[in-house]
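J.: Would you mind keeping the following structure in view while I ask a few things?
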Amino acid sequence: MMRRRLAAVALAVFFALSLRSALRTRRAIARISNLHDQTVIDDEGAVRSRQSADVDLPVAELEKLWTPASLERLARTYWRFLSRATLGFIRVKYTDRERFVCLLFRPFVLLRFQAPEYEMDAQRGVVRWRIESGVLVSARGRGGNSYLEIEVNRLGDTRMNVEVEVANFYPAIAHGISRWVYKNTQSRIHVLVTYGFLRSLANLDLAESKVGRLAAQDQAPDAAAVASSNGGRALTRAQ
C-alpha cells in the first residue's frame, strides 16, 4: 500500500512540473475563474469526470472565436496541451476517421477515438470523440459507448464556460487492478492535465487543426437559420 501511494505522489509531482512548463506561454488575454471538478464512479464502474472553468475575454475576441473553425482548433489545442504536459511522451496521431493517443509511437495506443463530432449554434459548441478501444479502457467501454467531450457555452458578451467531460468510461485499471489505483493515478492525472488545459486558455492561443475539416467555416452560426433548419443546432461530423 505504501509503495502504491508513493508511486501516486511521484506521478502527481511529475505531472505538476510538466504542467508548469506547459503553461509558460505568451501573455494572458482572457481571465480564467471558477475552476470546478466533479468526478464520480457509479455502481457499475462507469466513470463520469467533468472539469470546467469560466473564461472572461473582450467582446471582440469572443465574437472572433465563435465559429466552427475555432471549435475545431480548440479541439486540436486540447491534444497539443496533452502532449506538452506530458513532455511529449503522449502523442496524438491522426487519420481521416480516427485519432490515436499513443505512448510515444503508434503501436502503443492508449486510446483510439472515432472521428470527432462537432455541434454548434449561437450559444453552444460541442466537440465529441467516441472511444473505440485502447489499453486504458475495458471492453465494456469500447465501440463508441464512452466518449471525451469539450463543451463551450456563451454566458453573455464577454464570458464563456468551457467544460471537458469523460462519460460512461470504464477504465481498465479500475477493472483489472483496483479502483483505488485508478483514482490515485489515471484519474488524478486527468484532472491535473484538464485543469492545466483550462488555465492555458487564458492565452487564447488556439492550435491550427491537423485535419482542417471546418477551416472554411469561419463565420458565426446564424441562430435563426440553424433553428429553422436543424432544431436549433448545427452538427458536423469530421470523417
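J.: Would you work out which of ASN203, ALA216, LEU192 lies farthest towards the positive end of the dipole of the range 172-216? Charges go on Cβ: Lys and Arg +1, Asp and Glu -1.
T.: Result: LEU192, furthest along the dipole toward the positive end.
J.: At most 12 other Cβ atoms within 10 Å and a DSSP loop assignment: could you name the trypsin sites (Lys or Arg not before Pro) in the range 64-120 that fit? Kindly include the intermediate steps, with their values, before the conclusion.
T.: Details: sites: LYS64, ARG73, ARG76, ARG80, ARG84, ARG91, LYS93, ARG97, ARG99, ARG112; in loops: ARG97.
Listed in order of number, the matching sites are ARG97.
J.: If you don't mind, there's one more thing I want to ask. Which whole-number percentage describes the relative contact order of the range 26-138, with Cα contacts under 8 Å and a sequence gap of 6 or more?
T.: Values: 154 pairs, mean separation 16.8, N = 113.
Once divided by the residue count of the range 26-138, the mean separation gives 15 percent.
Just so you know, all these numbers are worked out from the coordinates, no wet-lab data involved. Model, not experiment: these values are computed from the prediction. Positions of Cβ are generated from backbone atoms using ideal geometry, with glycine treated the same way; all protein chains shown enter the neighbour counts.
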